[in-house]
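Structure first, then comments.
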Amino acid sequence: MPRLRTDDPKARIQQVAVELFAERGVQQTSLRDIAERLGVTKPALYYHFTSREALLNSLVQPLVDDFDAYVAAQEAAAPLAAQDLLTSYFDLVYKHRWLIQILIRDLGVLTELKLVDRMFEWRARVTELLIGPTPAFDAKVRAVVALGGLSDSAVMFVDEPLEALRTAAVAAAHDCLRPA
């Protein structure tokens, strides 16, 4: 996980929270744990974030904003070549890979943050852009495999060089879209 160098106390709190959430899980990390890692008092943390949920929401909001904007922009630009859509989708997931890792390791947090329905909506809208509004069942399955595999690749292979990973993941996703 990349380490940020910042003098912004809020950003520093967020960075340490991400580190601890990745190490221990969201549910197992308290504000006290974060304060101790930072070497500050819990009230000092409350000055910036009133609760663990507020801190978590501050971490998730950029992801939500980016996915909302991405889907809207892709819909406005439609029709799109599948290769281009898959590449841009990979880049979006890759940008948020660390937070996505944290969220999928602690799935209860997705429910807590009311993200499950939103994530399904984003995926459904991107799927429709890939295969149209009334695809055959087998095309739907291929699109789910393509997008799921693409997302998993962006999240799981974090130590691989970005260009090589993007090329391999997009090619594999694109192959999944082709009828057997």
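The values are calculated or read from the model by the stated rules, or taken from the named source; none is laboratory data. Note that this is a predicted model, so its numbers are computed, not measured. Backbone-built Cβ (ideal geometry, glycine too); neighbour counts: all protein chains shown. The protein model used for the area step is the full one, side chains on, heavy atoms only, and it has no ligands, DNA or RNA in it. Shrake-Rupley method; radii C 1.70, N 1.55, O 1.52, S 1.80 Å.
Carbon and sulfur: what percent of the chain's accessible surface (1.4 Å probe)? Can you show the working numbers first?
Details: 5570 of 9900 Å².
Percent of accessible area from carbon and sulfur atoms in the chain: 56.
Calculated [222 nm] ellipticity per residue, helices only, for the chain: -24500 deg cm²/dmol; basis is -39500 (n - 2.57) per DSSP H run with n ≥ 4, divided by all residues, nearest 500. The angle between the Cα long axis of helix 116-131 and the longest principal axis of the Cα atoms of the chain comes to about 30 degrees, rounded to the nearest 10.
Straight-line cross-link partners of K140 among the lysines, defined as a Cα under 30 Å from its Cα and at least 8 positions apart when in the same chain: K95, K114. Under the shape rule built on the C-alpha gyration tensor, where the axes satisfy a ≥ b ≥ c, the stretch 1-50 is oblate, since a/c reaches at least 1.5 while a/b does not exceed b/c. For the peptides 85-94, 72-81, 123-132, the ranking by packing is 85-94, 123-132, 72-81, with the highest mean count of neighbouring Cβ atoms within 10 Å listed first. Taking the C-alpha atoms only, the angle from helix 52-77 to the longest principal axis of the chain is near 20 degrees. Taking only protein heavy atoms and a 1.4 Å probe, what accessible area per residue, in Å², does the chain have with all protein chains in place? Accessible area per residue, the chain: 55 Å². Charging the Cβ of each Asp and Glu at -1 and of each Lys and Arg at +1, and nothing else, the dipole of the stretch 45-123 about its Cα centre rounds to 260 debye. Taking the Cα centre of the chain as reference, the dipole from Cβ charges on Lys and Arg (+1) and Asp and Glu (-1) amounts to some 360 debye. Accessible-area rank, largest first, for D8, D106: D8, D106, with all protein chains present and a 1.4 angstrom probe. Ignoring aspartates and glutamates fewer than eight residues from K10 along the same chain, the ones with Cα atoms less than 18 angstrom from its Cα are E19, D33, E36, E53. The residue list F157, T87, V141 was ranked by how far each Cα lies along the charge dipole of the stretch 60-176 toward its positive end, using unit charges on Cβ atoms, and V141 comes out on top.
Anisotropy class assigned to the chain is prolate, per the alpha carbon gyration tensor with a/c at or over the 1.5 cut-off and a/b larger than b/c.
What angle do you read, to the nearest 10 degrees and between 0 and 90, between the alpha-carbon axis of helix 9-24 and the longest principal axis of the chain? With both axes taken from Cα atoms, the answer is about 70 degrees. All other residues whose Cβ lies under 15 angstrom from that of R178 are scored, Lys and Arg at +1 and Asp and Glu at -1, for a net of 0. If you add up the charges near H48, with Lys and Arg at +1 and Asp and Glu at -1, over every other residue whose beta carbon is less than 11 angstrom from its beta carbon, what do you get? So the environment of H48 carries a net charge of +1. The distance separating the Cα centre of the stretch 99-148 from that of the stretch 42-91 comes to 14 Å. Taking every C-alpha pair closer than 8 Å and separated by at least 6 residues, the mean separation divided by the residue count of the stretch 2-124 gives a relative contact order of 27 percent. Per-residue accessible area (protein heavy atoms, 1.4 Å probe) orders V40, V158 as V40, V158, starting from the largest.
The Cβ shell under 10 Å around S151 holds other residues with a net charge of +1, Lys and Arg each +1, Asp and Glu each -1.
Accessible surface of H174, taken over heavy atoms with a 1.4 Å probe and every protein chain present, rounds to 50 Å². Taking the charge dipole of the chain about its Cα centre, with +1 at Lys and Arg Cβ atoms and -1 at Asp and Glu Cβ atoms, the residue from L31, V18, A171 reaching farthest to the positive side is L31.
How would S151, S30 line up by accessible area, probe 1.4 Å, largest first?
On the way: S151 15, S30 45 Å².
Descending order: S30, S151.
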